[in-house]
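Peer 1: Have a look at the structure that comes next, please.
Computed from the coordinates by the stated procedures, all read-outs in this text should not be read as laboratory data. Note that the structure is a prediction, hence the values are computed from the model and not measured. Reconstructed Cβ throughout: ideal geometry from the backbone, glycine too, with neighbour counts over all protein chains shown.
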Amino acid sequence: MMEKIEAETKIPKRILGTLLNSVGSGVVPRFGLEYIAIGRKDEINAFTTDLNFISEGGSAFRFIIGRYGSGKSFLLQLIRNHCLERGFVTADADLSPERRLSGTNKQGLAVYKELVSNLAVRSSPDGNALVQIVSRWLSGLQTKIIAEKKVALDSKDLEIEMSAEILKISNDLENLVCGFDFAAVILKYYIAYKNGDETIKSAAIRWLRGEYNTKTEARNDLSVSTIIDDLNWYDFIKLLAVFVRRIGYKGLVVFIDECVNLYKITNKISRENNYEKILSMFNDTLQGKAEGLGIFLGGTPQFLEDNRRGLYSYEALKSRLTEGKFVSSKYKNLMGPIIRLERLSDDETFALALRICSLHQTYYEYEKNLNETDILEFLKVYMSRVGASSYITPREIIRDFLAVLDILYQNPGAVFSEILRKEEKNFDKSSQSSLQAVQNEENITENDDNPGENVEAIRAFEVKFDDIEM
């Protein structure tokens, strides 16, 4: 099995090194995720359905809910890369105390700036693609008109035809909130682009990035009456979505992670203002008021379900997000707005560890020193020492398994079985506190009537691994 994975794994060493360093530190890498993408097939299919709908001019909104380390950020980044390959424009941002959906100190504008800074397309996946998107569109449009209309590059006719095409798109934007000024700035950018006026080009990009502080400054530079601020930044996200569709992309997909930071806001009014913004986004997308726009939010269970400070504390959202009476943990329902990330299955956990082992071996170029039986033994020991298998996350497994692989690589005389035995005491010391921390995080209380529940879960896990064919 391992040899098969090695043969199929063709990955640049730079990307592989970054991938191993990132996941070993508990950080989601920007690229190379597909090499360790195990499981989540149903969730990915649900996202693919959303993307198909967005590409047809529809809109979508999803909450990706899971506890810390469950794979929320990994899944969001994986879908982001998939969007780029399919011809979408993407934008992503992590919320923080300085970046909120709504705020009194430009926190909302900070989210917009971060999204635009991370604006990406397939040819510019690292972000900062705004200038490239606009310039490439104008260059392609100019080439098309020259070929179809048989006009010279320096002729007045070319400018007239270009202006007419830009105005067609501008007319679509003018019907939207703030659309008139948005269209005017795009037209000014073209004129500056045609005349080589770098000052106006720079001013137009500054305006689109939300970098103007006063309306007076924007009026003097661009003759527009609005600027992007805390109150209207989401309207400009909707404008961007329409704009990128008009110039040839399939749509705009926005990823906002670390939404638990909204749950942590202590001021009730400020917190509810942020939830009101989520409600506005939710209504716009699901009612079809936002063309070609997808919004995916990542958060923890308490961010969603806490009746005191979570989304469920905001009645308008609770009534929309509470799952139906017939939904249970036994059956998945991925057609609603909430996708809950459960732990990986036993087979998927084994496959993930096997893949990590193969990639580590490939990067450091050594002969394999672990077989499938060793990996199964690690997982059994790991599960039995950390606690109930339902609390184990991919982040924890990858981090600790990579640590073992690093030890074996750096210490040629080390014996795998001895490392496991030596680490058992450390697992014993940390297991109870780790399990308690998880229970506190998710407001879980232990079942005193059934103290053997964890033991049974571990035994069931071991039996399942014993059944895996190698």
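Peer 1: What distance in nm separates the two pseudo spin-label positions at LYS380 and ILE407, each 7 Å out from Cα along the beta-carbon direction?
Peer 2: 1.8
Peer 1: What FRET efficiency comes out for SER155 versus ASN45 if R0 is 56 angstrom and r is the Cβ-Cβ distance? Round to the nearest 0.05. The partial results should precede the final answer.
Peer 2: Values: r = 51 Å, r/R0 = 0.91.
My answer for the efficiency is 0.65.
Peer 1: Okay, next question. Among the trypsin sites (Lys or Arg not before Pro) within region 271-305, which fall in a DSSP loop and have no more than 11 other Cβ atoms within 10 Å of their own Cβ?
Peer 2: Numbers: sites: ARG271, LYS277, LYS289; in loops: LYS289.
Passing sites in region 271-305 do not exist.
Peer 1: Another question about this same structure. Whole-Hz ³J(HN,Hα) for each residue in region 88-94, computed from phi via Karplus 6.51 cos²θ - 1.76 cosθ + 1.60 with θ = phi - 60°, x for glycine and proline: what do you get?
Peer 2: 8, 9, 10, 8, 9, 7, 9
Peer 1: Can you compute the equivalent ellipsoid semi-axes for region 135-291, i.e. the square root of 5 times each eigenvalue of the Cα gyration tensor, sorted largest first and rounded to whole Å? Display every interim value, and only then the final one.
Peer 2: Working: eigenvalues 243, 68, 30 Å².
Values for region 135-291, descending: 35, 18, 12 Å.
Peer 1: Output wanted: per-residue J couplings in Hz (rounded whole) for region 406-420, from phi through Karplus 6.51 cos²θ - 1.76 cosθ + 1.60, θ = phi - 60°, x for Gly and Pro.
Peer 2: 5, 4, 5, 5, 7, 10, x, x, 5, 10, 4, 5, 5, 4, 4
Peer 1: Taking amide H atoms as placed 1.01 Å from N in the peptide plane, list the residues 5 or more away in sequence, or in a different chain, whose amide H sits under 5 Å from that of ILE338.
Peer 2: Placed amide hydrogens put PHE63 under 5 Å from ILE338.
Peer 1: Over 16 Å apart: what share of the alpha carbon pairs of region 130-222 falls there, rounded to a whole percent?
Peer 2: Working: 2419 of 4278 pairs.
Percentage above 16 Å: 57.
Peer 1: Another question about this same structure. Cut-off 18 Å, label point 7 angstrom out along Cα-to-Cβ of ARG122: give me the residues of region 66-86 whose amide nitrogen falls inside.
Peer 2: From region 66-86, the list is 78-86.
Peer 1: Can I ask one more? Return the loop-located GluC sites (Glu not before Pro) in region 264-343 (DSSP other than H, G, I, E, B) with at most 16 other Cβ atoms within 10 Å of their own Cβ; answer none if there are none. Write out the running numbers ahead of the final one.
Peer 2: Working: sites: GLU272, GLU276, GLU291, GLU305, GLU315, GLU323, GLU342; in loops: GLU291, GLU323, GLU342.
Those satisfying the criteria are GLU323, GLU342.
Peer 1: At SER417 and SER135, where each label point lies 7 Å from the Cα along Cα→Cβ, what is the point-to-point distance in nanometres?
Peer 2: 6.3
Peer 1: What does the net charge come to around ILE356 if you take all other residues with beta carbon closer than 11 Å to its beta carbon, with K and R at +1 and D and E at -1?
Peer 2: Working: positive: ARG355, ARG399; negative: ASP400.
Surrounding charge for ILE356 is +1.
Peer 1: Okay, moving on. Could you please report the charge total around SER139, scoring K, R as +1 and D, E as -1 over all other residues with beta-carbon less than 14 angstrom from its beta-carbon? Don't skip to the end; give the middle numbers.
Peer 2: On the way: positive: ARG136, LYS144, LYS194, LYS201; negative: GLU165.
Net charge around SER139: +3.
Peer 1: In the structure displayed, which of LYS41/LYS368; LYS168/LYS194; LYS72/LYS332; LYS106/LYS277; LYS72/LYS318; LYS41/LYS250 lie more than 26 Å apart, Cα to Cα?
Peer 2: Working: LYS41/LYS368 29 Å; LYS168/LYS194 18 Å; LYS72/LYS332 17 Å; LYS106/LYS277 15 Å; LYS72/LYS318 21 Å; LYS41/LYS250 23 Å.
With Cα atoms farther than 26 Å apart: LYS41/LYS368.
Peer 1: If you count, for each residue, the other Cβ atoms within 10 Å and average over each peptide, how do 195-203, 232-240, 174-182 line up from highest to lowest?
Peer 2: On the way: 195-203: 14.2, 232-240: 22.1, 174-182: 17.8.
Packing order, densest peptide first, comes out as 232-240, 174-182, 195-203.
Peer 1: Give me, ordered by chain and number, the residues 5 or more places off GLY294 or on other chains with an amide H under 5 Å from its own placed amide H.
Peer 2: ALA60, LEU252, VAL253, VAL254
Peer 1: If Lys and Arg each add +1 and Asp and Glu each add -1, what is the summed charge of the other residues whose beta carbon sits under 13 Å from the beta carbon of ILE227?
Peer 2: Working: positive: LYS106, LYS113, ARG206, ARG209, LYS215, ARG219; negative: ASP181, GLU211, GLU217, ASP221, ASP229, ASP230, ASP235.
Summing Lys/Arg as +1 and Asp/Glu as -1 gives -1.
Peer 1: Another question about this same structure. Using DSSP to define loop residues, name the trypsin sites (Lys or Arg not before Pro) in region 79-162 whose beta-carbon has at most 10 other beta-carbon atoms within 10 Å.
Peer 2: On the way: sites: ARG80, ARG86, ARG99, ARG100, LYS106, LYS113, ARG122, ARG136, LYS144, LYS149, LYS150, LYS156; in loops: ARG86, ARG100, LYS106, ARG122, LYS150.
Counting only loop positions with at most 10 other Cβ atoms within 10 Å, the trypsin sites (Lys or Arg not before Pro) in region 79-162 are LYS150.
Peer 1: Of all the Cα-Cα pairs you can form in region 212-286, what percent are over 13 Å apart? Provide the component values of the computation, followed by the final result.
Peer 2: Numbers: 2117 of 2775 pairs.
Across region 212-286, Cα pairs with separations above 13 Å total 76 percent.
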